[in-house]
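Have a look at the structure below, then the notes.
The values are calculated or read from the model by the stated rules, or taken from the named source; none is laboratory data. Bear in mind that the values here come from a model prediction, so they are computed numbers and not experimental data. Using ideal geometry, Cβ is built from the backbone for each residue, glycine included, and neighbour counts are taken over all protein chains shown.
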């Protein structure tokens, strides 16, 4: 967890610097009243706090080596907060790639086809090997969701659009 | 107050509302029972669906989901020693030994009745305290609100996880994300990159579903891939005399039920203290006060009663700060704030004044939900077990496609779906590295309130911030903020350093 904390702190310091130096000044307007705060005040305050706290976290993580690693007993996540290593990075990259594929393909092929394909591949990825279940859930579930959203809420989920 | 409540019942008792409350409880219990789900995931996915309901039906439905989800988590804890929700972990200590002794139905009955008792108690606390608290809160001005929100940030960050710094970092990131969109005073663009979809700010549904529900699901999908364990086979259909829970047996724990309900309600009223903490405090207190503490952990009904009454008593009480101050006490309350906003109701001191009828209708719905909960829970006691046998390899991918539909329904926008997928990735990274998602979401919700309160203070007092120190309430909360920063920051760090 110490290495994770160091990397997280470094990423947050970089992110806050980018926001403080470029993003916030370039994409916010000046104030309209002399008494009011600048619209950029709150983003700057939040990012400034992140910069200071991440700096402190970086320093404390470095010091941890001297005082010994504390076991993480997190009430919110329990054993889930196991540290962010190479495996987790690969999983995150997989998720980002899958998300991009979903976003792009759903615009053209619609919800039903893409959700079906996604569902089948996800179930297979999770270890489900029974063909009947793959077919039934993979095709039935998106169709059911599509029908419910249309008949109950009059909302049409993304449709096939090949032109 | 009584006449308001009766008026609330008049509004709430319709077939339409009762149907949605019942549906909410059934869905909540199913989500509580399903491995890896829980009331938070259920709430996050189902809030967009309520967009098309009337406000009373919508909130009644979500209250049902929350109540059902909280008690449903006890079923896998009792039957499998695998709590469906973190707050049911203590239930497993006494529930599972009872299952091994062939008394699982009895344990589940005790859990259900205790849960409903805790719920009912905390709903009564909410009804009794909401109006007086709101009356006090009405006296608060922008400086007081600024200090209270600052205090809430610190309290939540300090208590939500192990690290105050990580909690504050997550809350600051939430505040930053909440500033994207149009400026609340000048209506000028802030970091929108000209994207029209961002003018209204980041969508609360996309954020909540992504970080809370979807990130948990993808984390479990990857864990499942790595570990490959996905089989549960439970059969709880035994019915013998041993599984009968007599009224005398149940009421013999009345002191424990009352004590745990008080603990749960007190925990629920304070922002940042989780449901799990209430459950463990209730269990610990019952064990300490018991004449037979050695029986705890060996299949003692009092242990189940203590845990379930305490964790369910949080559900109603956490709406006290939500309704009176607009400050959500925990994740479920934060999601409820989102639901209120979807229906045009802004939680805060003015809520009781502007929407008094709606508030009392919601209270009436909550009371009725308890009655429905006990009926549904009792009828389905054998039926819920079926859901536990559904493999995770089917449930988890189905939840992903449900999430996509859930975000698309109220927004009709693929941009928001993309935002949710991005938040899911962020949530996954936060989960693995131990950053609190509770703080992120609550920072996101309280950020706009904090900014408005601060800017109103600046405009009203001509940029003279000394008002923050001259108002006694504001000063008191600022002192408390500093105390918590010291207590959970440098003091905790020095203590752990001295230990090692």
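The residue pairs whose first member lies in the range B:252-272 and is without any contact (Cβ under 8 Å) to a residue 12 or more places away in the chain, whose second member is surrounded by fewer than 20 Cβ atoms within 10 Å (Cβ to Cβ), and whose beta carbons are closer than 7 Å, counting only pairs six or more residues apart or on different chains, do not exist in this structure. One residue stands out among those in the range B:74-100 that are at pLDDT 85 or above and farther than 15 Å from residue B:32 by Cβ: the one that is surrounded by the fewest Cβ atoms within 10 Å (Cβ to Cβ), which is B:97.
Scan the range A:115-130 and give yes if some residue there is under 16 Å from residue B:417 (Cα atoms), more than 8 Å from every other protein chain (Cβ to nearest Cβ) and assigned to a loop (DSSP other than H, G, I, E, B), otherwise no. Step through it out loud before you land on a result.
Just the residues of the range A:115-130 that are under 16 Å from residue B:417 (Cα atoms), to begin with: A:115, A:118.
In the following step, the residues that additionally are more than 8 Å from every other protein chain (Cβ to nearest Cβ) were identified as none.
Scanning the range A:115-130, I find no residue that is under 16 Å from residue B:417 (Cα atoms), more than 8 Å from every other protein chain (Cβ to nearest Cβ) and assigned to a loop (DSSP other than H, G, I, E, B), so the answer is no.
Of the residues making up the range B:170-188, those that are more than 7 Å from chain A (Cβ to nearest Cβ) and surrounded by fewer than 24 Cβ atoms within 10 Å (Cβ to Cβ) are B:177, B:180, B:181, B:182, B:184, B:187. Only one of the listed residues (B:282, B:228, B:272) is under 23 Å from residue B:437 (Cα atoms) and either buried (at least 18 other Cβ atoms within 10 Å of the Cβ) or modelled with pLDDT under 85 (or both). That residue is B:272. Within the range B:425-436, being more than 7 Å from chain A (Cβ to nearest Cβ) and under 20 Å from the mean Cα position of the chain (by Cα) holds for B:427, B:430, B:435. Filtering the range A:1-30 to residues that are closer than 18 Å to residue B:180 by Cβ and surrounded by 13 or more Cβ atoms within 10 Å (Cβ to Cβ) leaves A:12, A:15, A:16, A:19, A:20, A:23, A:24, A:27, A:28, A:29. Looking at the structure I just gave you, is residue B:201 more than 9 Å from every other protein chain (Cβ to nearest Cβ), closer than 18 Å to residue B:445 by Cβ, modelled with pLDDT of 90 or more and surrounded by fewer than 23 Cβ atoms within 10 Å (Cβ to Cβ)? No: the conditions fail for residue B:201. Restricting A:145, A:102 to those that are under 21 Å from the mean Cα position of the chain (by Cα), in a helix (DSSP H, G or I), at the interface with another protein chain (Cβ under 9 Å from one of its Cβ atoms) and on the phi < 0 side of the Ramachandran plot reduces the list to A:102.
Being assigned to a loop (DSSP other than H, G, I, E, B) and at pLDDT 85 or above is a description that does not apply to residue B:469. When residue B:190 is tested against (1) touching a strand residue (DSSP E or B) at 6+ places or on another chain (Cβ under 6 Å); (2) within 28 Å of residue B:66 (Cα to Cα), only condition (2) is not met. If we scan the range B:117-139, do we find a residue that is over 19 Å from residue B:323 (Cα atoms), in contact with a helix residue (DSSP H, G or I) (Cβ under 7 Å, 6 or more places away or on another chain), buried (at least 24 other Cβ atoms within 10 Å of the Cβ) and at pLDDT 90 or above? Taking every residue of the range B:117-139 in turn, at least one turns out to be over 19 Å from residue B:323 (Cα atoms), in contact with a helix residue (DSSP H, G or I) (Cβ under 7 Å, 6 or more places away or on another chain), buried (at least 24 other Cβ atoms within 10 Å of the Cβ) and at pLDDT 90 or above. Just one of the listed residues (A:88, A:66, A:80, A:76) is over 26 Å from residue A:144 (Cβ atoms), surrounded by fewer than 19 Cβ atoms within 10 Å (Cβ to Cβ) and either facing chain B (nearest Cβ under 7 Å) or at pLDDT 95 or above (or both), and it is A:80. If a residue has to be part of a helix (DSSP H, G or I) and at pLDDT below 90 to count, how many in the range B:409-431 make the cut? Of the residues in that region, 4 qualify. Screening residue B:448 against (1) crowded, with 20+ Cβ neighbours inside 10 Å; (2) under 27 Å from the mean Cα position of the chain (by Cα); (3) in contact (Cβ under 8 Å) with a residue 24 or more places away in the chain; (4) part of a helix (DSSP H, G or I) leaves a single unmet condition, (1). Inspect all residues belonging to the range B:487-496 and state whether any of them is surrounded by fewer than 17 Cβ atoms within 10 Å (Cβ to Cβ) and more than 26 Å from residue A:54 (Cα to Cα). No, the range B:487-496 has no match at all.
Summed over the range A:23-63, residues that are modelled with pLDDT of 85 or more and more than 27 Å from residue B:154 (Cβ to Cβ) total 3.
Pairs are defined by a Cβ separation below 6 Å, a sequence spacing of at least 6 or placement on different chains, a first member in the range B:294-313 that is surrounded by fewer than 22 Cβ atoms within 10 Å (Cβ to Cβ), and a second member that is part of a loop (DSSP other than H, G, I, E, B); the pairs so defined are B:299/B:101. Just one residue in the set A:122, A:100 is in contact with a helix residue (DSSP H, G or I) (Cβ under 6 Å, 6 or more places away or on another chain), within 29 Å of residue B:331 (Cβ to Cβ) and modelled with pLDDT of 90 or more; that residue is A:122. What number goes with the only condition from (1) in contact (Cβ under 8 Å) with a residue 12 or more places away in the chain; (2) surrounded by fewer than 24 Cβ atoms within 10 Å (Cβ to Cβ) that residue B:429 does not pass? Single failed check for residue B:429: (1). Here residue B:385 passes the criteria (1) more than 10 Å from chain A (Cβ to nearest Cβ); (2) in contact with a helix residue (DSSP H, G or I) (Cβ under 6 Å, 6 or more places away or on another chain); (3) assigned to a helix (DSSP H, G or I) except the one numbered (2).
How about the range B:449-470: which of its residues are under 20 Å from residue B:200 (Cβ atoms) and more than 9 Å from chain A (Cβ to nearest Cβ)? Before the answer, list the steps.
Taking the range B:449-470 and keeping what is under 20 Å from residue B:200 (Cβ atoms), we get B:449-452, B:455.
B:449, B:452, listed by residue number.
Which numbered condition in (1) more than 9 Å from every other protein chain (Cβ to nearest Cβ); (2) in contact with a strand residue (DSSP E or B) (Cβ under 9 Å, 6 or more places away or on another chain) is the only one that residue B:144 fails? Answer for residue B:144: the failing condition is (2).
Only a single criterion out of (1) within 9 Å of chain B (Cβ to nearest Cβ); (2) surrounded by 15 or more Cβ atoms within 10 Å (Cβ to Cβ) is not satisfied by residue A:156, namely (2).
Selection within the range B:285-317: residues that are within 30 Å of residue B:341 (Cβ to Cβ) and at pLDDT 85 or above. The member of this set that is farthest from the chain's Cα centre (by Cα) is B:310.
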